[in-house]
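For reference, the structure is listed below as structure tokens.
What follows is calculated from the coordinates using simple rules that are stated; it is not laboratory data. Being a predicted model, the structure only gives us computed values, none of them experimental. Reconstructed Cβ throughout: ideal geometry from the backbone, glycine too, with neighbour counts over all protein chains shown.
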Amino acid sequence: MPEWWTYGLSDFLLFSPRTYYRLLERYNEAIWPGQLLTLGLGVAILGLLRGGGSWQGRIVWAILAGLWAWVAWAFIWARYTAINWAAVYLLPLFVIEVMLLFAAGVIGQGLKLRVTRDRRSILGIAIFTFALAAYPAIAPLVGRDWRQAEIFGVTPDPTVLGTLGVLTLAEGRVRRWLLVVPMLWCVLSGLTLWAMESPEAWLLPGLALLSLVGGSGNRQGRNG
């Protein structure tokens, strides 16, 4: 019997990379053209962020809460749990994040968006734009089919990353609590992709760390 230190991370993977990417492909085919709607909502978020008003912020948080709820139900519960039984334990985390986004951002006043011309705002917008526009291109860039692309509002990774981009812009005491679930997901996703030997395994944890560090400084600059 092998000793515990002889096991690698891939030994704990409950599915093959081919199975996972085939799941993405079938999921994208099943919900098409829903991807156009979620991308449109992402573009709407960018426009609302430029507005900077309190009602615009509430709409942004409402959209993000809705997208997290959709990803939790349509992808994780309805599909991902079929190949990874452990994914069922991730669902409460998504439910918690949805409740926090709605309670703090939509109903309450504990989470406010501030977009200025400082480096923190530039970083937040850049991360969100990357999640929206560039993340789907990763699949063909690493040799996978376009139909296996991961899209904002449809699959967890770009949705979580886009949320981190918006949270980089946010202010309020509850912000730190809203960061917990996205940061945890980024670590778990990075480890999963590493076990799958995916070349982009470093990307999500790296950008999450950048968001955490970049969003921890004091705000400076003029309002944009």
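Considering the options 76, 192, 109, tell which one lies farthest towards the positive end of the dipole of the chain, charges being +1 on Lys and Arg and -1 on Asp and Glu at the Cβ, about the Cα centre.
Final value for the positive-end residue is 109.
Need one number: the % of Cα-Cα pairs in the range 34-129 sitting beyond the 23 Å mark.
Details: 1542 of 4560 pairs.
The share of Cα pairs beyond 23 Å in the range 34-129 comes to 34 percent.
Under unit Cβ charges (Lys, Arg +1; Asp, Glu -1), what dipole magnitude, rounded to 20 debye, does the chain have relative to its Cα centre?
Computed charge dipole of the chain: roughly 1020 debye.
Which Rg and Dmax, in Å, describe the Cα atoms of the chain?
17.6, 64
Between the range 177-191 and the range 37-61, what is the C-alpha centre distance in whole Å?
23 Å
Suppose every K and R has +1 on its Cβ and every D and E has -1 on its Cβ; what is the size of the dipole of the range 120-213 about the Cα centre, in Debye to the nearest 20? Don't skip to the answer; put the middle values down first.
Working: 6 positive and 6 negative charges, 74 e Å.
Roughly 360 debye for the range 120-213.
Please give me, ordered by residue number, the chymotrypsin sites (Phe, Trp or Tyr not before Pro) of the range 157-208 that lie in loop per DSSP and have at most 13 other Cβ atoms within 10 Å.
Details: sites: 177, 185, 194, 202; in loops: 202.
Here the sparse-neighbourhood loop sites are 202.
Of 47, 98, 138, which is farthest towards the positive pole of the chain's charge dipole, taken about the Cα centre with +1 and -1 on the beta-carbons of Lys, Arg and Asp, Glu respectively?
Of 47, 98, 138, it is 47.
Using alpha-carbon pairs under 8 Å, 6+ residues apart, how would you state the relative contact order of the chain in percent? Present the calculation step by step, with values, prior to reporting the outcome.
Working: 295 pairs, mean separation 54.4, N = 224.
Rounded, it is 24 percent for the chain.
Before anything else, pin down the relative contact order of the range 64-141: Cα pairs under 8 Å, at least 6 apart, normalised by residue count, whole percent. Display every interim value, and only then the final one.
Working: 31 pairs, mean separation 19.4, N = 78.
It rounds to 25 percent for the range 64-141.
Per DSSP H run of n ≥ 4, the term is -39500 (n - 2.57); total these for the chain, divide by its residue number, and report the mean residue ellipticity at 222 nm rounded to 500 deg cm²/dmol. Walk me through the numbers on the way to the answer.
Numbers: 9 runs with 122 residues, N = 224.
That calculation yields -17500 deg cm²/dmol at 222 nm.
Most exposed first by the Cβ proxy, i.e. fewest other Cβ within 10 Å, how do 157, 145 rank?
Working: 157 23, 145 13.
So the residues, fewest neighbours to most, are 145, 157.
Please order 171, 200, 150 by the number of other Cβ within 10 Å, starting at the fewest.
Details: 171 12, 200 17, 150 23.
Arranged by neighbour count, lowest to highest, 171, 200, 150 become 171, 200, 150.
List 75, 152, 102 from most exposed to least, where exposure is judged by having the fewest other Cβ atoms within 10 Å. Could you put the intermediate results ahead of the total?
On the way: 75 22, 152 28, 102 19.
Ascending Cβ contact count within 10 Å gives the list 102, 75, 152.
Give a residue-ordered list of calculated ³J(HN,Hα) values for the range 70-79 (Karplus: 6.51 cos²θ - 1.76 cosθ + 1.60, θ = phi - 60°; whole Hz; x for Gly, Pro).
5, 4, 4, 7, 6, 9, 5, 6, 7, 10
Please give the charge dipole size of the range 93-169, origin at the Cα centre, charges +1 on K and R Cβ atoms and -1 on D and E Cβ atoms. Round to the nearest 20 debye. Don't skip to the answer; put the middle values down first.
Numbers: 7 positive and 5 negative charges, 69 e Å.
The calculated dipole for the range 93-169 is roughly 340 debye.
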